[in-house]
Amino acid sequence: MNNEWSLETKAVQCGWEPKNGEPRVLPIYQSTTYKYDNAEQVAKLFDLEADGYFYSRLGNPTVGGFERKMAALEGGIGALATSAGQAASMVAITNICTAGQHFIAASALYGGTVTLFTHTLKQMGVAVTLVDPDAPLDELRRAVRPNTRAVFGETISNPGMCVLDFDKFAQLAHENQLPFIVDNTFATPYLCRPFEHGADIVVHSSTKYIDGHATSVGGIIIDSGKFDWGNGKFPGLNEPDESYHGLVYTAAFGAAAYIAKARAQWIRDTGCCMSPMNAFLSHLGLETLHVRMERHCANAQAVAEYLERHPKVAWVNYPGLKSNKYYDRARKYLSGCSGVMTFGVKGGRAAGETVMNSLKLAAIVVHVADVRTSVLHPASMTHRQLSDEEQLAAGVTPDLIRLSVGIENVKDIIADLDQALALV
Ligand SMILES: *Cc1c(COP(=O)(O)O)cnc(C)c1O
């Protein structure tokens, strides 16, 4: 890999660099296991003293290709693919935040992340404080406790479309010697590079724009390699791991300790690894990331402007609109606002359902951020398990329709919306 390459070139070229006579395209290594000539070589792999594959729960060449491409695109030093975006968020937190500890998250989050943080991690003894993402820094500081171990936020929240104030959250994290973890799913590395705005760890649901075609559930964690894990707050990285006969991650892996520990402990013990097939498809999807994202953004901008002008539309939330609360912040941190937006129809939830049910090109699916235009009603679908207050904190109102604008011809997308709105 050439580090000078621009993101577009990395998206096409990185991840799989074949040697003489090898397949040009990243192969699907559909094998659980790897053959060695003697037991000693395998023992060295188990001890993490030699590089290589020994069992596909811990690593696989196809999955490795996807990890290397994502690390290159985000500008990180290493990456770990997981079975889903949910597993990426879980491992990113629990790798450094154990029972009895606490972390802070901006409340504008994906619904599954809210239940993971407020219910499942709570059952594991890890506490979270959800904070208003737009609260002033002084108010956020009051959420910090002696046992706080991380700060978490989404670049563009799903579906609140709240653009993260990177400077503020990075300051909150770093003045307390805490890593700043960012879920960059909606922006992708093409629209936002969180490491350039103070993030230390990035997670993605690769299920969305990274795969881009709605074929593969997956997640990934990328480490910037910049956070100082030796500041006294992270004994798990600096003290011997009894489950790995005394391995000290920072001593053995230096700046790459975080991903090494996540793989050696969390993926080893929970098995939430990515399959080779999904890694192949996600890696393939990334080859066109820049081309797709450009079209998603252009189409969404046109659709948002159309909806904003429409007399039957009550409101539109897309940070690319000049009227949007996050317009300036989006221009500061993003090079585009993705294909996702939310809107409400005059007449509320019932009128919105009429529109959704009348769409012919845009399908009702529990998905977002792929090439096909789709709609979803979060209050009755993705955010259904949240209380009314939790829904509002995540930016979900009863009338909210989430529209994921695809890469079809935008004239057809607008014509479809037009005929459906005419029926209200
Ligand atoms: C979908 C999504 C997730 C969860 O990812 P899965 O791959 O569905 O597990 C996490 N964060 C964001 C922002 C998402 O959109």
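The values are calculated or read from the model by the stated rules, or taken from the named source; none is laboratory data. These numbers come from a predicted model, not from an experiment. Neighbour counts run over all protein chains shown; Cβ positions are idealised from the backbone, glycine included. With ligands, DNA and RNA removed, areas are computed over all heavy atoms of the protein, side chains included. Shrake-Rupley method; radii C 1.70, N 1.55, O 1.52, S 1.80 Å.
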**Complete:** When (1) surrounded by fewer than 22 Cβ atoms within 10 Å (Cβ to Cβ); (2) within 16 Å of the ligand (Cβ to nearest atom) are applied to Arg268, the one that fails is (2)
**Fill in**
Checked the range 371-382 for anything touching a helix residue (DSSP H, G or I) at 6+ places or on another chain (Cβ under 9 Å) and closer than 22 Å to Cys337 by Cα; matches are Val371, Thr373, Val375, Leu376, His377, Pro378, Thr382
**Asked** For the range 2-37, what are the residues that are in contact with a helix residue (DSSP H, G or I) (Cβ under 8 Å, 6 or more places away or on another chain) and outside any loop (DSSP other than H, G, I, E, B)?
**Response** Leu7, Glu8, Lys10, Ala11
**Complete:** Restricted to the range 76-85 and to residues being part of a strand (DSSP E or B) and small (Gly, Ala, Ser), the residue surrounded by the fewest Cβ atoms within 10 Å (Cβ to Cβ) is Gly78
**Prompt:** Scanning for something within 16 Å of the ligand (Cβ to nearest atom), within 25 Å of Thr382 (Cβ to Cβ) and of a type outside the set (D, E, K, R), does the range 134-147 turn up at least one residue?
**Reply:** no
**Within the range 300-397, helices (runs of 4 or more DSSP H) holding 3 or more residues that are within 26 Å of Gly153 (Cα to Cα) and not acidic (Asp, Glu)** = 327-333, 388-393
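Table: residues versus (1) in the same structural domain as Met70 (by TED's automatic domain parsing); (2) under 14 Å from Ala81 (Cα atoms); (3) open to solvent by 20 Å² or more (accessible area, probe 1.4 Å).
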residue: Ala199; (1), (2), (3): yes, no, no
residue: Val217; (1), (2), (3): yes, yes, yes
residue: Ile220; (1), (2), (3): yes, yes, no
residue: Ser224; (1), (2), (3): yes, no, no
residue: Trp229; (1), (2), (3): yes, no, no
residue: Gly232; (1), (2), (3): yes, no, yes
**Fill in**
Inside the range 23-32, the number of residues satisfying the requirement of being open to solvent by 80 Å² or more (accessible area, probe 1.4 Å) and farther than 14 Å from Ser275 by Cβ is 2
**Asked** Which number in (1) surrounded by 15 or more Cβ atoms within 10 Å (Cβ to Cβ); (2) closer than 18 Å to Ala264 by Cα marks the one condition that Ala43 misses?
**Response** (1)
**Request:** Any chance you could count how many residues in the range 173-225 are within 12 Å of the ligand (Cβ to nearest atom), of a type in the set (D, E, K, R) and in contact with a Ser or Thr (Cβ under 6 Å, 6 or more places away or on another chain)?
**Result:** 2
**Asked** In the list Ala88, Ala170, Ala108, Ala71, which residue meets the criterion of being assigned to a helix (DSSP H, G or I), within 16 Å of the ligand (Cβ to nearest atom), touching a strand residue (DSSP E or B) at 6+ places or on another chain (Cβ under 7 Å) and not assigned by TED's automatic domain parsing to the domain that holds Leu386?
**Response** Ala88
**Prompt:** Across the range 207-244, what is the total count of residues that are under 30 Å from Gly285 (Cα atoms) and either in a strand (DSSP E or B) or without any contact (Cβ under 8 Å) to a residue 40 or more places away in the chain (or both)?
**Reply:** 6
**Fill in**
Within the range 121-157, of all residues that are free of Cβ contacts under 8 Å to residues at least 24 places away in the same chain and part of a helix (DSSP H, G or I), the one most open to solvent (accessible area, probe 1.4 Å) is Gln123
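Okay, residues lined up against (1) open to solvent by 50 Å² or more (accessible area, probe 1.4 Å); (2) out of contact with any strand residue (DSSP E or B) (no Cβ under 7 Å at 6 or more places or on another chain):
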site: Pro378; (1), (2): no, no
site: His383; (1), (2): no, yes
site: Leu403; (1), (2): no, no
site: Gly406; (1), (2): no, yes
site: Lys411; (1), (2): yes, yes
site: Asp418; (1), (2): yes, yes
